[in-house]
């Protein structure tokens, strides 16, 4: 991300321990270790830099002020800084057992991390405005980072997810088209078919990869094992994937068994044991639909719908 490294404040944030921790956190959580073929493995760090780069390009294309660009890019860099190891795969466990989530940790780190505070003081940065930008509360443009139905965070996330499981570049092409529309001077309403195609692709990626029976099974098993891990405590939230494997060697056994298509017997043995314990983790499946009866609107979305089906985990 050379565009970001040219700017001192961006480079310093990129080199901060808080952001560098994301280099060892799988973007897809435990599912990031599921693919044994030669596809792309991604981290939260790579995703964060990609989102920030989109923010930077957008600011340049829109001729935004240097100040507004700075807060957009910092929001892109830091929007995922509070993720726990194994990302969304393990977060439900930390929420359930310790009431801690990546949204709360992200806000806390931006406001109170001594490393980041030093940078904010050096460049006269308002840390609360970074939080507000991530949450879409600072200016009318802020929602473009993470809060609009089609935003920079999800554009990168969907393309990145498909590239992990498939050689198809369909998502990358669609996301590139959407991003170009978002950056140009034309009205977005004139390109509703492009936004529709992204929303349809998002549903396909979730249903074809994230929510397949095999991957749902693996993720739920992973969560139940940690729900019943008596040595897990809140301090483990801030470890990296590798550090968690050192703390809990059975995680490495699980990953090796996944890669060998369950040939080691670990997954089968553990799932049989957990059947005696019962359901312990509540999760949700999201569906992405288009309400064709509603017009496209940038500020008031009624067209792109997200529904959630609540499930209690069962192995």
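The values are calculated or read from the model by the stated rules, or taken from the named source; none is laboratory data. Not measured: the values here are computed from a predicted model. Cβ placement follows ideal geometry from the backbone for every residue including glycine, while neighbour counts extend to all protein chains displayed.
At-a-glance table
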{"item": "Output for the range 89-102, where each listed residue is free of Cβ contacts under 8 Å to residues at least 60 places away in the same chain and on the phi < 0 side of the Ramachandran plot", "result": "91, 95, 101, 102"}
{"item": "Residue match in the range 243-252 (condition: touching a strand residue (DSSP E or B) at 6+ places or on another chain (Cβ under 8 Å) and either without any contact (Cβ under 8 Å) to a residue 40 or more places away in the chain or under 30 Å from residue 303 (Cβ atoms) (or both))", "result": "no"}
{"item": "Wholly within the range 1-91, helices (runs of 4 or more DSSP H) carrying at least 2 residues that are at pLDDT 95 or above and out of contact with any strand residue (DSSP E or B) (no Cβ under 6 Å at 6 or more places or on another chain)", "result": "8-14, 17-20, 44-61, 66-78"}
{"item": "Odd one out for residue 162 among (1) surrounded by 18 or more Cβ atoms within 10 Å (Cβ to Cβ); (2) free of Cβ contacts under 8 Å to residues at least 40 places away in the same chain; (3) within 30 Å of residue 258 (Cα to Cα)", "result": "(2)"}
{"item": "Residue check, residue 229 in a helix (DSSP H, G or I) and buried (at least 16 other Cβ atoms within 10 Å of the Cβ)", "result": "no"}
{"item": "Unique residue being crowded, with 20+ Cβ neighbours inside 10 Å and either touching a helix residue (DSSP H, G or I) at 6+ places or on another chain (Cβ under 7 Å) or in contact (Cβ under 8 Å) with a residue 24 or more places away in the chain (or both) when the list is 150, 105", "result": "150"}
{"item": "Residues being closer than 20 Å to residue 44 by Cα and surrounded by 13 or more Cβ atoms within 10 Å (Cβ to Cβ) - total across the range 232-241", "result": "6"}
